[in-house]
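The values are calculated or read from the model by the stated rules, or taken from the named source; none is laboratory data. All figures in this text were calculated on a predicted structure; none of them were measured in a lab. Here the Cβ is made from the backbone with ideal geometry for all residues, glycine too, and neighbour counts use every protein chain on show.
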Amino acid sequence: MEIAERVEALLADAIAGLGCRLLEVQFHEGAGSVLRLIVDREPAVNLDDLGAVSELAGRILDVEDPILHGYALEVSSPGLFRPLRERRHFEQSLGKMARLTLAPDVLPERKERMVRGVVAALEGDRLRLQLPDEMLELPLEGIRGARLDPDL
């Protein structure tokens, strides 16, 4: 199991106990290694939440010690234009506006590979995206990139 997976297994439930969700764990190894935790909360994560998660995660990681060398711990929110990388990210984004970049073979009849619409449903390995004038059903494996794209 890689470091990010071990850290997620160690921290997800504890962070949920604070009322937050651990969305992603990133570990960048090298000179100046960084462990980044991306957390969210409904309706929005704030600085107090980030501080509480940082303190709790630091204590747990000090005890469990899943990383055998020095690293910096960063805790942040995913931001308004958060990336959607995993199935659970799409599940958490139902009803929200998103921008998707598709593989060329997903909608060959369209010239553009980018679509913007509301994440309507996730059924099996297919995502339903509501555009202003139509509903698209897209295979998850055909989505090359995705992020929330709220109207501001």
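Structure notes:
- Residues satisfying the stated conditions in region 111-149, i.e. surrounded by 12 or more Cβ atoms within 10 Å (Cβ to Cβ) and not aliphatic (A, V, I, L, M): Arg113, Arg116, Gly117, Arg126, Arg128, Gln130, Pro139, Gly142, Arg144, Gly145, Arg147, Asp149
- The set of residues in region 61-89 being assigned to a helix (DSSP H, G or I), crowded, with 16+ Cβ neighbours inside 10 Å and over 12 Å from the mean Cα position of the chain (by Cα) consists of Leu61 alone.
- Test: residue in region 44-55 that is assigned by TED's automatic domain parsing to the domain that holds Val25, polar (S, T, N, Q), touching a residue at least 12 places away in the same chain (Cβ under 8 Å) and out of contact with any Ser or Thr (no Cβ under 8 Å at 6 or more places or on another chain): yes
- Test: residue in region 104-117 that is in a strand (DSSP E or B), in contact (Cβ under 8 Å) with a residue 24 or more places away in the chain and farther than 27 Å from Glu2 by Cα: yes
- Qualifying positions in region 36-60 - within 10 Å of the chain's Cα centre (by Cα) and of a type in the set (A, V, I, L, M, F, W, C): Ile38, Val39
- Counted residues, region 56-85 - those being among the β-branched types (Val, Ile, Thr) and in contact (Cβ under 8 Å) with a residue 60 or more places away in the chain: 1
- In region 3-43, the residues that are in contact with a strand residue (DSSP E or B) (Cβ under 8 Å, 6 or more places away or on another chain), touching a residue at least 24 places away in the same chain (Cβ under 8 Å) and surrounded by fewer than 15 Cβ atoms within 10 Å (Cβ to Cβ): Gly32, Ser33, Val34
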